[in-house]
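Novice: Here's a structure for you.
The values are calculated or read from the model by the stated rules, or taken from the named source; none is laboratory data. Please read these numbers as outputs of a predicted model, since none were measured by experiment. Ideal geometry is used to build each Cβ from the backbone, glycine not excepted, and the neighbour counts take in all protein chains shown. All accessible areas refer to the heavy atoms of the entire protein, side chains included, with ligands and DNA or RNA removed. Shrake-Rupley method; radii C 1.70, N 1.55, O 1.52, S 1.80 Å.
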Amino acid sequence: MRAVLLHEFGPPAHLRVADVPTPRPTAGEVAVQVAAVGVQFLETQVRAGTMRGALGGAPLPVILGKEIAGLVAEVGPGGDTALIGTRVLAGTKGLGGYAETAVVPAATLIPVGDGIGLPEAVALHRYGATAQGLIRAARVSAGDRVLVLAAAGAVGTVLVQLLKRAGATVVAAARGEHKLALLSRLGADHVVDYTLPGWTDLAGEPVGGSMDVVFDHVGGALGRESFELLTPGTGRQITFGFSSGTPLDIRPMELIGRGLTLAGFSAGLIWSRPALARELVTEVLELAAAGQLTPVIGQRFPLERAADAHAAIEARSTVGKTLLIP
């Protein structure tokens, strides 16, 4: 089969397609004929060598890729043969997804109904569950004024839509007219370009000058500027990453002095609870199948262009989900 191999850490060009043996499932596993695989920002950091620990000690060369959709092609010894041919979402153990066939734990399988395409299901898989989990963690309720940073990304595009379903007033922050136009189409009440001088004034003005909730995947200066928008006494900021490369820096006395809440969120806590993960993913898939949630796939690349996919993500030129299509 064809797969994308990473032989050494470095720039995107180090991702190259090669012919490798097709993997076979062992007990408790299934092999999936991959229809689409999601490309994660974390995987660009692994490839670059800045997050080598995410490989769990696996030696190079490796096949990156965690989130896939496709058809079950084979089950391991003792497995349920009725699964063969079914449409599923699944997660690898962290590696192996950038390929025509991937082996995954059978316990990770989530059925995909006929009402949604497999690429669209991937776009909602892990990041749809993350968005649902974020809303629960922030205790968002109808009428809340919510700022979403990097809102045109894979999590943000789902989060904006789910927040509107929850009755929130959504301010979506992104960079560039193309991304802002997309967010308006997805239902954001207000959009703002966070590269503009005084962008926080532009964000706060339409909603009375402050925010009840900030969802921050950026950290650094933008995360800090967003923190200043929180409403004293009730504001809460949920930080779930730092794509800027610099974590959010907030001191305890700043929280105490303004009566604010700062909470960290890790999607890994969702996936460590399979029943919860399945529940959250199933919810977003059903919404999409009913036409109440739009999966945003901004970019699709063949396996041969995996390097281009990584380069686009690193350049911050992508919107929604980026997929590889074997």
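Novice: If you check Gly96 against the conditions, is it open to solvent by 40 Å² or more (accessible area, probe 1.4 Å) and over 19 Å from Val160 (Cβ atoms)?
Specialist: The answer is no for Gly96.
Novice: I want to confirm something. Restricting to the range 158-179 and keeping residues that are within 18 Å of Ala315 (Cβ to Cβ) and either of a type in the set (S, T, N, Q) or within 17 Å of the chain's Cα centre (by Cα) (or both), which single residue is most open to solvent (accessible area, probe 1.4 Å)?
Specialist: Selected residue: Lys179.
Novice: Hey, another quick one. Confirm whether Glu304 is open to solvent by 30 Å² or more (accessible area, probe 1.4 Å), more than 20 Å from Leu124 (Cα to Cα) and of a type in the set (Asp, Glu).
Specialist: So Glu304 fits the description; yes.
Novice: Only residues that are part of a helix (DSSP H, G or I), in contact with a Ser or Thr (Cβ under 8 Å, 6 or more places away or on another chain) and surrounded by 14 or more Cβ atoms within 10 Å (Cβ to Cβ): list them for the range 204-247, please.
Specialist: Residues satisfying the conditions are Gly204, Val207, Gly220, Leu222, Gly223, Glu225, Ser226.
Novice: Can you give me the number of residues within the range 150-176 that are over 20 Å from Ile297 (Cβ atoms), out of contact with any strand residue (DSSP E or B) (no Cβ under 8 Å at 6 or more places or on another chain) and of a type outside the set (A, V, I, L, M)?
Specialist: Final tally of qualifying residues: 2.
Novice: Go through the range 310-326 and report how many residues are within 24 Å of Gly245 (Cβ to Cβ), over 15 Å from the mean Cα position of the chain (by Cα) and buried (at least 18 other Cβ atoms within 10 Å of the Cβ).
Specialist: Residues that pass the stated criteria total 1.
Novice: So, one more: Quick test for you: out of Gly167, Gly209, Gly176, pick the one residue that is touching a Gly at 6+ places or on another chain (Cβ under 8 Å) and more than 19 Å from Glu286 (Cβ to Cβ).
Specialist: Gly167
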